[in-house]
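Each remark here refers to the structure printed beneath this line.
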Amino acid sequence: MTKAEAAAFLSAQEAVCILTHRNPDGDTIGCAAALCRGLRALGKTAWVLENPQFTPRYAPWLAGLLTGEARGTVISVDIASASLLPDNARPLAERIALAVDHHASHTGFAARSWVVPEAAACGELVHALLLELGAPITSETASAIYLAVSTDTGCFQYSNTTSNTLRVAAAMRDAGCDAFPINRLFFGVRSRGRLRLESRLTEAMTFFAGGAGALCVLPRAWMDELGLTEDDLESISGFPRSVEGVEIGVMLRETAPGRVKLSLRTGPGYDAAAICAHLGGGGHRAAAGAALDTDLDGARAAVRAALQAAGVEG
């Protein structure tokens, strides 16, 4: 669909339920909150479906917007594949009437899709939709959109940041978003547990491809040992890439026995999505991931094979 067609479809709905993805981040949460508030401002009934993995850090953006059951037309935001739905939303996969997304690896799982891979954050698309609908951008809505675009660009550090991303952020500031507390919360402070985790990751980090690649492993046991919460792991995927000279950053996080989450961050000379495609995953050129049904040793071997298949020394 085009932007105008997606907006026309939303305009015709009286009640909407918005879905977020598994392991929700600021983009999917900000998009859901902003779209929900915008639709409510137009007089529609709108809710965000509860996600069991929502964390306390995001509670202010979701206050008063959550429902435990799907009501009305089902919409997804920032979701590339139905496999990324949280467990409670998976039964709704066939009911998704519109998917709004920015992933090049989008699988077209919904009845209708508006996908713009050039957008740095799905929040840019939600902002465009609200403008097309004529919805007012309140300070609360502006805060949610700013959350979306800032977190998906690493506070505008990442190479995916475009001039439009910056224009959207500036417009949200003009609309009443107080950016400072958002920037400080997500980019300016770390808990003591997070600092201890980074110390462990640094000590155990391994390098490959002549130092252009770095790999970190995060065993599940460390969560309990260090007293970590999911909020402490915000943006941990990019940690290996933060090392000077590293162009390929690999994070392997054990999420359950026999289950590992791969997060891959790359510089301009490499394609993270292409590498992750060898493992059944996907995403963007600079940031992609995959879910691996194996232990950490098996995950290391799988990543090494994928790097070699993509022409990168594993």
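The values are calculated or read from the model by the stated rules, or taken from the named source; none is laboratory data. Only a predicted model underlies this, so the values are computations on that prediction, with no experimental measurement involved. Neighbour counts are summed over all protein chains in view; Cβ atoms, including those assigned to glycine, are modelled from backbone coordinates with ideal geometry. Ligands, DNA and RNA are excluded from the accessible area calculation, which covers all protein heavy atoms including side chains. Shrake-Rupley method; radii C 1.70, N 1.55, O 1.52, S 1.80 Å.
Miscellaneous remarks
- Normalised by 2.2 N^0.38 Å, where N counts its residues, the alpha-carbon radius of gyration of the stretch 63-199 equals 1.15.
- The overall shape of the stretch 1-139 is rounded: from the C-alpha gyration tensor, with semi-axes ordered a ≥ b ≥ c, the ratio a/c is less than 1.5.
- Three-way shape label, the stretch 156-288, alpha-carbon gyration tensor, a/c 1.5: oblate
- Relative contact order of the stretch 212-314, defined on C-alpha pairs under 8 angstrom at six or more residues apart (%): 21
- Local electrostatic count at Ser139 - Lys and Arg +1, Asp and Glu -1, tallied over other residues with Cβ under 13 Å: -1
- When the alpha carbon gyration tensor of the chain is reduced to an equivalent ellipsoid, the three semi-axes, largest first, read 32, 20, 19 Å.
- Selection among Leu307, Ala128, Gly43 by position relative to the dipole of the chain gives Gly43 as farthest towards the positive end (Cβ unit charges, Cα centre).
- Relative contact order of the chain, pairs being alpha-carbon contacts under 8 Å that are 6 or more residues apart, as %: 13
- Pairwise centroid distance, computed over Cα atoms, of the stretch 12-40 with the stretch 250-276, Å: 26
- Only Cα pairs under 8 Å and 6+ residues apart enter the sum, and on that basis the relative contact order of the stretch 116-157 stands at 50 percent.
- Applying the Karplus relation 6.51 cos²θ - 1.76 cosθ + 1.60 with θ = phi - 60° to the stretch 83-99 yields 3J(HN,Hα) values of 5, 8, 6, x, 3, 6, 9, 4, x, 8, 3, 6, 9, 5, 8, 8, 10 Hz, where x marks Gly and Pro.
- Seen through its C-alpha gyration tensor, with square-root eigenvalues sorted a ≥ b ≥ c, the stretch 167-238 comes out oblate because a/c lies at 1.5 or above while a/b is not bigger than b/c.
- With R₀ set to 30 Å, the beta-carbon distance separating Asp178 from Glu244 gives a calculated FRET efficiency near 0.35.
- Per-residue 3J(HN,Hα) values for the stretch 277-291, derived from phi via the Karplus relation 6.51 cos²θ - 1.76 cosθ + 1.60 with θ = phi - 60°, read 4, 5, 10, x, x, x, x, 10, 4, 9, 8, 8, x, 7, 9 Hz in sequence order (x marks Gly and Pro).
- Proximal charge balance of Ala306 [Cβ under 14 Å; K/R count +1, D/E count -1]: 0
- Computed with a 1.4 Å probe over protein heavy atoms only, the accessible area of Ile275 comes to about 10 Å².
- Between the stretch 68-146 and the stretch 179-219, the Cα center-to-center distance that results, in Å: 29
- If the segment from Ala204 to Lys3 were pulled out straight at 0.36 nm per residue, it would be longer than the present Cα-Cα gap by 67.7 nm.
- Taking GluC sites (Glu not before Pro) across the stretch 222-276, the ones in a DSSP loop with at most 16 further Cβ atoms lying within 10 angstrom of their Cβ are Glu244.
- Amide H contacts under 5 Å for Val74, placed H, 5+ residues apart: Cys17, Ala97
- Protein heavy-atom accessible surface, 1.4 Å probe, per residue over the stretch 104-155: 32 Å².
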